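Reading through the structure tokens given below for one structure.
The values are calculated or read from the model by the stated rules, or taken from the named source; none is laboratory data. Model, not experiment: these values are computed from the prediction. Cβ atoms come from the backbone with ideal geometry, glycine included; neighbour counts cover every protein chain shown.
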Amino acid sequence: MRSLQRCGLQLAILISLSLSSADTTTRELSFVKAEAAREQSWIVSSTPVVSIPNELSNGEFLLRVRKSLRRRDGSIVIASAGTHRIYFFSSAGTLVRAIGTKGEGPGEFGNLTTIAAAEDGVLTAYDGQRRAISRFSATGDFLGTSTLSSSGIKLPTIKSPYIAYTGPGVFLVSTSERPTLTRGAVFRQMSTFYRVSENEPSLLARLPTTEQYSARNGSTLLVPFGKQLLFAQSATRTYLGDSGSDSIIVWNAKGQLNGVIHLGMPKHIFSRAERKRITDSLVAARNSSRDVQELAAINEVPLPAAVPVFRSLLVDETGLLWVQAYDWPKARNQWTIVDDGGIVRGRVTLPAKFVPMDVGANYVLGVAVDADGFERVELYALKR
């Protein structure tokens, strides 16, 4: 691995890593450049093997699907936050059972955030509003609920934490610091990230998050094509990457730094004609605003010089990292798959407007959205 050189990346090169509560050290990270080793173009089936429609056989509708997963027997489970329900389907896509409702009682959800399958077949569901984990049998029978505080999970002592549930015993926790704002300027909040595994929190890094703009009238807006801090996590790895760079930081299960993968993905610089076209379209959208103050604020937001490099991260069942290219203006659903050594294992193009949520050795399961915004869950065969 080579030492990371200063090359204008938006990702911070020097990151303060707390090795213990009393020892804070600044390290220069190392990285490996993503290279192709027997790289192949992976292929997904032209049509879905299974397609679960928006309107289900029980008369309910899928609404704000937060997670879909495929179990070892081929059955599919879907978490629908908009209905506060978990749906169980056979391997052929037939609805078998629906559980859950809005509430705070046994098997109820305030905010159904995600679901995960444990090794023993038990299904866990995380309620982000209550910070509680509910357990269900493989067939959907309620087994119990415990809050994070009552379950013995040691979270970092921080103010207003954001908690992302990965699976049994694994969380990504962060807290943000709002900077002193200068009106008429772009800013990014700094967030501190922790990995919680085996009931122990490990400090990962302090990094800038979503790019925002502080308007002269005091409003705060997202920057069009602005940079974001994206993450993916599995039982053994945590990945954090700045979408404005092509570098992704990797930590192991114990929260120890592995290094940085330098993807070598191209960055698209806006041409003058592209900037004018985008500005014109934004102006048209802004003119539809009825709020004079909001319109004035939106008209100030600057357009970045370049398009972000990537827009999403995902870890598949085999432990490989999937990176979705931003690919503007074509917006093809293209993914590069790399291992922790920075080796590109494959590239694949998924169907348009399809968001993968669970990738196995031979399948891709996720949500497709039609022109009217209705969701359906689709399963595609994958050939690596």
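Would you mind finding the one in Pro179, Pro201, Pro168 that is in contact with a Phe, Trp or Tyr (Cβ under 6 Å, 6 or more places away or on another chain) and either under 25 Å from Leu69 (Cβ atoms) or surrounded by fewer than 16 Cβ atoms within 10 Å (Cβ to Cβ) (or both)?
Pro179
In this structure, is Ser68 surrounded by 14 or more Cβ atoms within 10 Å (Cβ to Cβ), under 27 Å from Trp335 (Cβ atoms), more than 24 Å from the chain's Cα centre (by Cα) and in contact (Cβ under 8 Å) with a residue 40 or more places away in the chain? Walk me through how you get there before you give the answer.
Working: surrounded by 14 or more Cβ atoms within 10 Å (Cβ to Cβ): yes; under 27 Å from Trp335 (Cβ atoms): yes; more than 24 Å from the chain's Cα centre (by Cα): no; in contact (Cβ under 8 Å) with a residue 40 or more places away in the chain: yes.
The answer is no for Ser68.
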Go over the candidates Asn333, Asn299, Asn362 one by one and state the one that is in contact with a helix residue (DSSP H, G or I) (Cβ under 8 Å, 6 or more places away or on another chain) and not hydrophobic (A, V, I, L, M, F, W, C).
Asn299
What is the one condition in (1) touching a residue at least 60 places away in the same chain (Cβ under 8 Å); (2) loosely packed, with under 13 Cβ neighbours inside 10 Å; (3) charged (D, E, K, R) that Glu211 does not satisfy?
(2)
Six or more apart or on different chains, Cβ under 9 Å: which pairs go from a residue in the stretch 150-165 that's at negative phi and crowded, with 17+ Cβ neighbours inside 10 Å to one that's polar (S, T, N, Q) and part of a loop (DSSP other than H, G, I, E, B)? Could you list them?
Ile153/Asn199
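Could you list, in sequence order, the residues of the stretch 321-342 that are more than 26 Å from Phe270 (Cα to Cα) and surrounded by fewer than 18 Cβ atoms within 10 Å (Cβ to Cβ)?
Kept after step one, since they are more than 26 Å from Phe270 (Cα to Cα), are these residues of the stretch 321-342: 321, 337-342.
Residues satisfying the conditions are Asp339, Asp340, Gly341.
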Return the residue satisfying two criteria in turn: it lies in the stretch 126-161 and is small (Gly, Ala, Ser) and within 24 Å of the chain's Cα centre (by Cα), and of such residues it is nearest to Val77 (Cα to Cα).
Ser134
Could you go through the stretch 269-290 and let me know if any residue there is surrounded by 13 or more Cβ atoms within 10 Å (Cβ to Cβ), within 30 Å of Ala116 (Cα to Cα) and among the aromatic types (Phe, Trp, Tyr).
no
Answer yes or no: is there a residue in the stretch 73-94 that is in contact (Cβ under 8 Å) with a residue 60 or more places away in the chain and closer than 22 Å to Ser146 by Cα.
yes
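Can you list the strands (runs of 3 or more DSSP E) lying wholly within the stretch 46-146 that have 1 or more residues being farther than 22 Å from Ala381 by Cβ?
Answer list for the stretch 46-146: 65-70, 76-80, 85-89, 95-99, 112-117, 123-127, 132-136.
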Inside the stretch 332-351, the number of residues satisfying the requirement of being part of a loop (DSSP other than H, G, I, E, B) and modelled with pLDDT under 95 is 5
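Conditions (1) more than 21 Å from Leu62 (Cα to Cα); (2) surrounded by fewer than 18 Cβ atoms within 10 Å (Cβ to Cβ); (3) without any contact (Cβ under 8 Å) to a residue 40 or more places away in the chain, marked per residue:
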| site | (1), (2), (3) |
| --- | --- |
| Gly103 | no, yes, yes |
| Thr114 | no, no, no |
| Thr124 | no, no, no |
| Gly128 | no, no, yes |
| Ile133 | yes, no, yes |
